[in-house]
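The block underneath contains the structure these notes are about, expressed in structure tokens.
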Amino acid sequence: MSGSLQSRVLRGPAATLAGNPFEQPSRGCLITHDDALIIIEDGRIAAFGPYAELNDTLPEGVAVEHYPGHLLVPGFIDAHVHYPQMQVIGAFGTQLLEWLETYTFPAEMSFADAGHAGRVAHLFLRELLRAGTTTAMVYCTMHPQSVDAFFTEAARFDARMIAGKVLMDRHAPAGLLDTAQRGYDESLALIERWHGRGRALYCVTPRFAPTSTDAQLDAAGALLKTRDGLFLQTHLCENLAEIEWVRDLFPARASYLDVYAHAGLVGPRSMFGHGIHLHEGDFCTCHQAGAALAHCPTSNLFLGSGLFRLFEAVDPRRPVKVALGTDVGGGTSLSQLQTLNEAYKVAAMVGHKLDAVQGFYLATLGGARALGLEDRIGRLAPGMEADICVLDPKATPLMAFRAGYCASMEELLFLLMTLGDDRAVRATYVAGRPVYDRDRSGDPFRPAHGEEQP
Ligand code: GUN
Ligand code: ZN
């Protein structure tokens with residue numbers, strides 16, 4: 001192998017998804033190696049396989065970073081999260097619409113201050129990495145500077161992040177409103193500044209139907225056509241009062257989803273948050289359009305929104321792509337392990353069992369497929385961007401004790417998704433670089449670029 005490339009080698013037990021466990025038996029969808037090597041060159045995985053097979057091919061002079069007793073998995077993907085809501089995570093006592101008025105909108109007002117946005121983005125990126133999350137689809141606020149702050153921070157770590165300015169032209173405090181034209185112009189400027197710069201990708205972000213006029217939703221549809229590879233994110237059928245409100249605001253539309261479809265917002269790069277109260281016809285529309293849903297169980301429980309019918313959504317007869325979202329600050333954790341813990345319980349409440357392979361699929365390859373990024377992220381395989389999470393199944397005394405009773409990789413994965421949280425993330429690699437090391441003394445974070453970048 002060429003010595004001029006930036007090489008790095010990780011060794012340890014490893015697990016990655018290779019198929020969809022909602023469509024095939026789970027067992028056959030998981031690739032595991034008790035002792036694996038991941039050879040990384042210039043930020044991508046050059047080789048992945050058993051140590052015994054790859055040991056002879058190691059680049060000369062490269063130290064092997066060895067994680068015995070750990071588990072190398074693809075970096076987690078969080079398909080729905082609001083970074084400006086870090087300051088209202090875990091706020092007491094309300095359901096969605098009151099929660100927005102009482103906590104969320106006031107918090108988002110503070111992002112008029114670019115310094116505040118920068119400080120929160122700094123914390124948020126580090127919290128993602130501490131949770132092993134290497135890609136997130138992120139709502140900023142309506143302030144363009146909130147998007148600049150987020151992508152600037154993401155660029156320091158070279159992280160594959162998707163984000164956009166929230167569009168709202170009604171039903172929010174005056175300080176948070178734009179207009180259809182201003183929202184379009186500001187979004188377009190941000191697209192030109194950020195989309196495709198390094199690993200940044202832009203997402204057109206109308207908050208949800210009640211806070212946008214028809215004119216603004218149409219403008220969002222027009223924005224999507226301005227560049228290749230743009231994403232769309234919004235909320236859909238999260239809460240019964242919200243759905244009632246949408247019915248009143250858009251009486252001519254057949255359904256909540258139809259409001260978005262009418263504006264050209266339902267397509268293969270669209271990510272709809274929640275989708276709890278969808279009907280069969282909506283699932284069919286999403287399937288046909290290739291649109292995806294973000295399952296946000298900690299938020300749906302915390303805000304009392306309802307129980308997402310995951311297994312109905314992914315029904316192989318007309319599967320809808322589903323990813324996992326934390327939805328912080330409605331959600332209560334940035335950890336995809338904790339989110340899976342709640343996803344398991346929500347599935348159980350509606351008569352299904354989410355097995356560990358299905359859970360890890362949602363958090364990795366399934367998320368990548370839902371975003372249309374499966375050619376770059378979500379798996380340990382040659383050619384993939386080297387975003388890797390090193391899990392520690394013995395992170396706490398209880399986990400160490402319980403791990404002693406795990407007889408298979410599936411059991412160990414299930415232990416991680418029920419008892420695991422940020423403590424179980426030993427290290428995080430982004431584009432092949434070790435950007436977070438739980439056990440490093442001093443600052444555990446090591447951005448790829450210094451504070452002066454980009
Ligand atoms: N619907 C509209 N805005 C929001 C938000 O910020 N969080 C959640 N959970 N739902 C929303
Ligand atoms: Zn949300």
Checklist entry - Does ALA294 meet the test of being buried (at least 24 other Cβ atoms within 10 Å of the Cβ) and either within 16 Å of ligand 2 (Cβ to nearest atom) or under 18 Å from the mean Cα position of the chain (by Cα) (or both)? => result yes
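Got a sec? Which of GLY273, GLY281, GLY229, GLY183 is in a helix (DSSP H, G or I), closer than 30 Å to ASP158 by Cα and small (Gly, Ala, Ser)? Give the derivation first.
Values: GLY273 fails: in a helix (DSSP H, G or I); GLY281 fails: closer than 30 Å to ASP158 by Cα; GLY229 fails: in a helix (DSSP H, G or I).
Of the residues listed, the single one that is in a helix (DSSP H, G or I), closer than 30 Å to ASP158 by Cα and small (Gly, Ala, Ser) is GLY183.
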Next on the checklist: Testing GLY378 on (1) surrounded by fewer than 24 Cβ atoms within 10 Å (Cβ to Cβ); (2) in contact with a Gly (Cβ under 7 Å, 6 or more places away or on another chain), one condition comes back false. Which one is that?
Outcome noted: (1)
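Any residue that is within 16 Å of ligand 2 (Cβ to nearest atom), assigned by TED's automatic domain parsing to the domain that holds TYR83 and either closer than 25 Å to THR135 by Cβ or not in a loop (DSSP other than H, G, I, E, B) (or both) - is there at least one of those in region 248-256? Let's see the steps before the verdict.
So the first thing to find is which residues in region 248-256 are within 16 Å of ligand 2 (Cβ to nearest atom), and the list is 256.
Those still in the list that are assigned by TED's automatic domain parsing to the domain that holds TYR83 too: 256.
Remaining after also requiring either closer than 25 Å to THR135 by Cβ or not in a loop (DSSP other than H, G, I, E, B) (or both): 256.
The answer is yes, given that some residue of region 248-256 is within 16 Å of ligand 2 (Cβ to nearest atom), assigned by TED's automatic domain parsing to the domain that holds TYR83 and either closer than 25 Å to THR135 by Cβ or not in a loop (DSSP other than H, G, I, E, B) (or both).
Quick grid of which residues meet (1) free of Cβ contacts under 8 Å to residues at least 40 places away in the same chain; (2) part of a helix (DSSP H, G or I); (3) among the small types (Gly, Ala, Ser); (4) in the same structural domain as MET109 (by TED's automatic domain parsing):
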{"site": "MET142", "(1), (2), (3), (4)": "no, no, no, yes"}
{"site": "ASP148", "(1), (2), (3), (4)": "no, yes, no, yes"}
{"site": "THR152", "(1), (2), (3), (4)": "no, yes, no, yes"}
{"site": "ALA159", "(1), (2), (3), (4)": "no, no, yes, yes"}
{"site": "ASP169", "(1), (2), (3), (4)": "no, no, no, yes"}
{"site": "ASP178", "(1), (2), (3), (4)": "yes, no, no, yes"}
{"site": "GLU192", "(1), (2), (3), (4)": "yes, yes, no, yes"}
{"site": "GLY198", "(1), (2), (3), (4)": "no, no, yes, yes"}
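For residues that are without any contact (Cβ under 8 Å) to a residue 40 or more places away in the chain, farther than 25 Å from ALA149 by Cα and more than 13 Å from ligand 1 (Cβ to nearest atom), scanning just region 226-250, find the one that is surrounded by the fewest Cβ atoms within 10 Å (Cβ to Cβ). Give the steps one after another, and end with the answer.
Applying the first criterion (without any contact (Cβ under 8 Å) to a residue 40 or more places away in the chain) to region 226-250 yields 226-228, 230, 232, 234-235, 243-244, 246-248.
So of that shortlist, the ones also farther than 25 Å from ALA149 by Cα come out as 243-244, 246-248.
Restricting the remaining residues to those that are more than 13 Å from ligand 1 (Cβ to nearest atom) gives 244, 247-248.
Details: GLU244: 10, ARG247: 13, ASP248: 8.
Residue satisfying both the conditions and the ranking: ASP248.
Any idea which of MET349, MET409 is touching a strand residue (DSSP E or B) at 6+ places or on another chain (Cβ under 8 Å) and touching a residue at least 40 places away in the same chain (Cβ under 8 Å)? Lay out the reasoning, then the answer.
Details: MET349 fails: touching a strand residue (DSSP E or B) at 6+ places or on another chain (Cβ under 8 Å).
Residue meeting the stated conditions: MET409.
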Checklist outcome for this item: Taking region 214-223 and the residues there that are out of contact with any helix residue (DSSP H, G or I) (no Cβ under 6 Å at 6 or more places or on another chain) and open to solvent by 40 Å² or more (accessible area, probe 1.4 Å), the one that is nearest to ligand 1 (Cβ to nearest atom) would be ASP214
Item to check | Subset of region 385-402 (residues that are open to solvent by 10 Å² or more (accessible area, probe 1.4 Å) and of a type in the set (A, V, I, L, M)) | outcome: ALA395, LEU398, ALA400
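The values are calculated or read from the model by the stated rules, or taken from the named source; none is laboratory data. Not measured: the values here are computed from a predicted model. No Cβ is skipped: glycine too gets one built from the backbone with ideal geometry, and neighbour counts run over all protein chains shown. In case anyone asks, the SASA skips ligands and DNA or RNA and just uses the protein heavy atoms, side chains included. Shrake-Rupley method; radii C 1.70, N 1.55, O 1.52, S 1.80 Å.
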